[in-house]
Amino acid sequence: MASLIPKPRKKLVFLASGRGSNLEAVLSGIQKGKIPANPAFLVTDNPEAPSIQIAVGHNVPAKVLDWKSYSKKEEYHLDLLHTLEEISPDLIVACGYMRILKPEIIRAFRNRIINIHPSLLPSFTGLHAQKQAFDYGVKFAGCTAHFVDEGVDSGPIILQGVVKIEEGMTERELTLAILKEEHKILPLAVKHFCEDRLSIKDRKVSIL
């Protein structure tokens, strides 16, 4: 009987700007053998981002493209594109990355960029989504793992996690509850991608 040859692990690059808790969630899943992936690099726009230490702690090299050091911001986006092309990842995972990716990057990695957003898209796009939901008075909030397209938080939805807003819940409590769901669905979305289980048709994502 011929032996089964395992599929090569997907090469991952992470984009992060902040504390990196979602980065930690995905890297922990890889380390535990739950996600068949090779975490190749973290790329960050913030030289002081705590996510750098999280990456280093998981033996993932970090590359800093300091946003503030670029007087011409188009040069930052060009350097980011060249960096990603040089690494040539199978998947880019945006986890707390605070820059809008330019169309050139989206086109180069079409349907190979996953983002986590703290709302039930298409509601409450953009910044401060938790506060938007809290101030609006919705009864359910949550988070969305989605592919990135040229719009803002408008790409095909992979998974969503729902949080019920209980009576008396504070905005801080809601934010933490949503973050807990983010730590569940982002690693799962990455796992599905790495196992070739995601299919997109008419912007609808099916899990095979």
**Prompt:** By Kyte-Doolittle mean hydropathy of at least 0.0 and Cα axial length of at least 18 Å, which whole DSSP H helices of the chain are selected?
**Reply:** 171-194
**Item:** Cα-derived Rg to Rh of segment 81-202, Kirkwood definition
**Value:** 1.00
**Prompt:** Roughly how many debye, to the nearest 20, is the charge dipole of segment 91-208 about its Cα centre, given +1 on each Lys and Arg Cβ, -1 on each Asp and Glu Cβ, and no other charges?
**Reply:** 360 debye
**Request:** Describe numerically, in nm with one decimal, the distance between label points set 7 Å from Cα along Cα→Cβ at ARG107 and at LYS73.
**Result:** 2.1 nm
**Asked** For segment 74-208, what is the accessible area per residue in Å² when the probe is 1.4 Å?
**Response** 52 Å²
**Prompt:** What percentage of the solvent-accessible surface of the chain, computed with a 1.4 Å probe over protein heavy atoms, is contributed by carbon and sulfur atoms?
**Reply:** 53 percent
**Item:** Net dipole in debye of segment 79-146 [+1 Lys, Arg Cβ; -1 Asp, Glu Cβ; about Cα centre; nearest 20]
**Value:** 300 debye
**Asked** How far, in nm, would the chain grow between GLU86 and LYS201 when pulled straight, counting 0.36 nm per residue and subtracting the alpha carbon separation?
**Response** 38.5 nm
**Calculated FRET efficiency for the pair GLU173/GLU150, C-beta based, R₀ 41 Å, to 0.05** = 0.75
**Item:** Calculated over segment 34-73: convex hull of Cα atoms, volume per residue (Å³)
**Value:** 77 Å³
**Complete:** Listed by chain and number, the residues whose amide H is under 5 Å from that of LEU198, excluding neighbours fewer than 5 places away on the same chain and using placed H, are LEU208
**Prompt:** Which whole-number percent of Cα pairs in the chain have a distance greater than 25 Å?
**Reply:** 38 percent
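The values are calculated or read from the model by the stated rules, or taken from the named source; none is laboratory data. Everything numeric in this text was worked out from a predicted model, so none of it was measured. With ideal geometry, Cβ positions are generated from the backbone for all residues, glycine too; neighbour counts draw on all protein chains shown. With ligands, DNA and RNA removed, areas are computed over all heavy atoms of the protein, side chains included. Shrake-Rupley method; radii C 1.70, N 1.55, O 1.52, S 1.80 Å.
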